[in-house]
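S.K.: I'd like to ask some things about the structure below.
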Amino acid sequence: PLANLLTPNKFDLDLILKQNLTNIEESRPLLNTTFNLSKQKIVVTGCMFASTATDEIDNYILENNHCISVSGKKIALHPAGTGDLFTAHLQLSILKGLNLPQAVSNASKALTASLKNMDLQKRTEFDLQDLLFSLQVIKNC
């Protein structure tokens, strides 16, 4: 409750709320009653609901009783640390003065580009070069 911005992935949100959500709308009343997180900005990452296109992955911004979806390209690669890289770029984008939807979009682009690059190089774990590569991507956003 003391945080201004929370970035759980879909799996973590299900654990926190003790439910397997089938759409993002189910989370809103639970977040407000379970933990009283009505004042926090929440970015739920890595969502793949029935409404999500098969080649995309959704991130949802829950803020002020509104929900905004920011979709990105789904890459079939799941190295440890994707949430950390996403959140780092999200924070960098916010510090650059972007609003939350723009920041989520930038972070998604940086992560997607990094995962594509790793896939092309046939690597499955993050390396320092991926951080440097993602910084170049976000610099051009």
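S.K.: Per-residue ellipticity at 222 nm for the chain, helices alone: DSSP H runs ≥ 4 residues times -39500 (n - 2.57), over residue total, nearest 500 deg cm²/dmol?
M.R.: Details: 5 runs with 63 residues, N = 141.
It lands at -14000 deg cm²/dmol.
S.K.: Could I ask something else about it? Just order 16-29, 102-115, 40-53 by mean Cβ neighbour count inside 10 Å, highest at the front, would you? Provide the component values of the computation, followed by the final result.
M.R.: Values: 16-29: 14.3, 102-115: 23.0, 40-53: 16.9.
The peptides rank, most packed first, as 102-115, 40-53, 16-29.
S.K.: Quick one: divide the alpha-carbon radius of gyration of the chain by 2.2 N^0.38 Å and tell me what you get. Each step should come with its number before you reach the end.
M.R.: On the way: Rg = 15.0 Å, N = 141, 2.2 N^0.38 = 14.4 Å.
It is 1.04.
S.K.: While we're on this one: Tell me, what is the percent relative contact order of the stretch 5-123, built from C-alpha pairs under 8 Å that lie six or more residues apart?
M.R.: Relative contact order, the stretch 5-123: 19 percent.
S.K.: What are the residues whose amide H is under 5 Å from the amide H of E56, where those residues sit 5 or more places off or on another chain and H is modelled from the backbone?
M.R.: Excluding prolines and chain starts, which carry no amide H, the hits are K74.
S.K.: Using mean Cβ contacts within 10 Å as the protection proxy, how do 75-84, 88-97 order, highest first? Please report the intermediate quantities before stating the final value.
M.R.: Numbers: 75-84: 13.0, 88-97: 17.0.
Listed from highest to lowest mean packing, they are 88-97, 75-84.
S.K.: I'd like the Karplus ³J(HN,Hα) series for the stretch 44-56: coefficients 6.51, -1.76, 1.60, θ = phi - 60°, whole numbers in Hz, and an x wherever there's a Gly or Pro.
M.R.: 8, 9, x, 8, 9, 9, 4, 7, 7, 4, 5, 9, 10
S.K.: Considering only C-alpha atoms, what is the centroid distance from the stretch 56-103 to the stretch 29-51, in Å?
M.R.: 14 Å
Throughout, read-outs are computed from the coordinates displayed, never taken from laboratory work. Model, not experiment: these values are computed from the prediction. Please note: Cβ atoms are built from the backbone with ideal geometry, for glycine as well, and neighbour counts cover all protein chains shown.
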